[in-house]
Amino acid sequence: MNKIIECVPNFSEGKDPRKVAKIADAVQRVKGVKLLNVESDPDYNRTVITFAGEPEAVRDAAFSAIETAANVIDMTLQKGEHPRIGATDVCPFVPVANITMSECVKIAHLLGKDVGERIGIPVYLYAEAANVPRRYLLPDIRKGEYEGLSKKMNDAEWRPDYGPSVFNDRVKKTGATVIGAREFLIAYNVNLDTDDISVANTISGMIRSSGRMKLNEKGEKERVAGTLKFVQAMGVDLKEYKITQVSTNILNYKVTPPHVVFEEIKKLANVYGVNVRGSEVIGLIPKGAIIEAGRFYSSEENEQNLVNVAVEKLGLSQLNKFVPDKKVVEYMLGLN
């Protein structure tokens with residue numbers, strides 16, 4: 001049976017459809033790769049592209065996409081709500097079928113070396129491909145964002161794994177790229193019916209695994225753990241819709257599935273007198289996560305009915321229509 005991996009690069013461009021199209025075309029031109037999803041957000045100024053196929057073809061497509069992004073995106077001009085460190089902000093490989101995580105790690109290293117040497121972009125390796133523990137988490141690498149990259153690269157502890165270690169004119173335009181291998185991550189955002197970003201920020205601090213800083217009885221700062229495991233979260237202002245979001249990355253949906261995140265945010269929002277206006281999945285979602293949500297809200301047994309219940313109860317079509325055949329990874333790959 002063929003080995004199948006997925007690649008989900010995030011690009012720091014979500015406003016210019018022509019630039020996004022050039023990057024997507026670079027993926028589609030590679031034989032043996034299936035383009036699954038292209039999703040842009042102008043407020044985030046970010047595009048998530050999902051594609052899959054056999055390892056070598058997917059690696060070639062990732063390289064081509066990163067090279068194209070470096071040519072069409074100028075980080076000196078880029079502004080957006082989402083944290084980012086470069087034109088291709090992050091590029092993870094995910095095992096899908098008949099392939100191990102260790103094989104995905106090797107692919108990440110090979111791509112990182114090529115991107116660093118052939119394109120001249122600084123590359124940091126993260127997640128399962130990380131060379132050192134402090135680079136395991138993406139937010140730790142991205143801390144300081146693009147604006148702090150020059151200073152970061154001068155720190156011996158934050159020298160790139162591949163590529164230039166000097167913030168030259170080329171790097172000034174492209175920024176850095178974070179490449180790695182990980183299990184399936186669900187980018188899941190919950191909409192709050194308020195334009196007050198402080199509510200989204202507060203709830204994010206309360207739920208994310210890393211927690212938040214709080215004063216104890218002695219008046220000293222201490223970190224309080226969040227309520228949800230394997231969840232990253234931050235508040236985001238969506239000016240286009242005049243709402244805010246609790247934007248999350250679910251790192252292990254089998255421990256903390258989307259419906260648990262949704263219900264926890266809804267409960268906390270209610271404390272602040274704020275209603276939840278549905279939610280959205282950025283990119284794709286595993287079938288297991290959507291089915292579990294359906295089972296949480298319904299006693300249905302039919303798969304299609306469970307999916308429909310999940311879409312309705314989570315409000316997944318509130319901002320953009322959620323089409324299961326285009327959003328569930330197994331359906332997209334014909335593995336259902």
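Bear in mind that the values in this text are calculations on the coordinates, not laboratory data. Quick caveat, the model's predicted, so the values are computed rather than measured. Positions of Cβ are backbone-derived with ideal geometry, glycine not excepted, and every protein chain shown enters the neighbour counts.
Which of V261, V274, V236 ends up with the largest GNM mean-square fluctuation for the chain, with Cα atoms connected below 10 Å? In this elastic network of the chain, the residue with the biggest mean-square fluctuation among V261, V274, V236 is V274.
When the trypsin sites (Lys or Arg not before Pro) in region 130-189 are filtered for DSSP coil states and for at most 16 other beta-carbon atoms within 10 Å of their beta-carbon, the remaining sites are K143.
Sparsely packed loop sites in region 145-242 (the GluC sites (Glu not before Pro) outside DSSP H, G, I, E and B with at most 14 other Cβ atoms within 10 Å) comprise E217, E220, E240.
When the C-alpha to C-alpha distance is required to be over 29 Å, the pairs from K143/K214; K15/K327; K3/K172; K31/K143 that qualify are K3/K172; K31/K143. Taking M75, M213, M101 in turn, the Gaussian network model of the chain (Cα-Cα springs below 10 Å) assigns the largest fluctuation to M213. Spin-label pair R223-N305: with each label point 7 Å from Cα along the Cα-Cβ axis, the two points sit 4.6 nm from one another. Note on Y297 and N252: the model spin-label points, each 7 Å out from Cα along the C-beta direction, lie 2.6 nm apart.
At a 10 Å Cβ-Cβ cut-off, how would you order T76, T256, T100, T244, fewest neighbours first? Provide the component values of the computation, followed by the final result.
Details: T76 8, T256 21, T100 11, T244 25.
Fewest-to-most Cβ neighbours within 10 Å comes out as T76, T100, T256, T244.
Rounded, prolate or oblate: which fits region 4-181, taking a ≥ b ≥ c as square roots of the Cα gyration tensor eigenvalues, rounded meaning a/c under 1.5, else prolate when a/b beats b/c? Oblate is the answer for region 4-181, as a/c is 1.5 or above yet b/c matches or exceeds a/b. Amide H to amide H, with H built 1.01 Å from N, G180 comes under 5 Å of C91, F93, Y126, counting only residues 5 or more places away or on other chains. Look at the Cα gyration tensor of the chain: its axes a ≥ b ≥ c give a/c of at least 1.5 with a/b at or below b/c, and that counts as oblate. With R₀ set to 45 Å, the beta-carbon distance separating K31 from E312 gives a calculated FRET efficiency near 0.70. Model label points for F230 and D193, set 7 angstrom from Cα along the Cα-to-Cβ axis, are 3.2 nm apart. Fully extending the segment from K326 to K267 would add 18.2 nm, taking 0.36 nm per residue of separation and subtracting the current Cα-Cα distance. Within the listed set K287, K313, K242, the residue fluctuating most in the Gaussian network model of the chain (springs between alpha-carbon atoms under 10 angstrom) is K242. If the chain linking E240 and K172 were pulled fully straight, counting 0.36 nm for each residue of separation and taking away their Cα-Cα distance, it would gain 21.5 nm. Quick one: what do you get for region 253-336 if you divide its Cα Rg by 2.2 N^0.38 Å? Compared with the compact-globule rule of thumb, region 253-336 sits at 1.09. Within a straight-line Cα-Cα reach of under 20 Å, K239 can be paired with the following aspartates and glutamates, leaving aside sequence neighbours fewer than 8 residues apart in one chain: E13, D16, E39, D41, D43, E81, D193, D195, D196, E280. Cross-link reach is defined here as a Cα-Cα straight distance under 13 Å, omitting same-chain residues fewer than 8 places apart; for K106 the aspartates and glutamates meeting it are E56, D114, E128.
Quick check on the chain: helices-only [θ] at 222 nm, where DSSP H runs of length 4 and up contribute -39,500 (n - 2.57) each and the sum goes over total residues. Nearest 500, please.
Details: 12 runs with 117 residues, N = 336.
So the calculated ellipticity at 222 nm is -10000 deg cm²/dmol.
Over the C-alpha trace of region 186-333, radius of gyration and Dmax come out as 15.9, 56 angstrom. Of the residues Y188, Y331, Y241, the one with the fewest other Cβ atoms within 10 Å heads the list, and the complete ranking is Y241, Y331, Y188.
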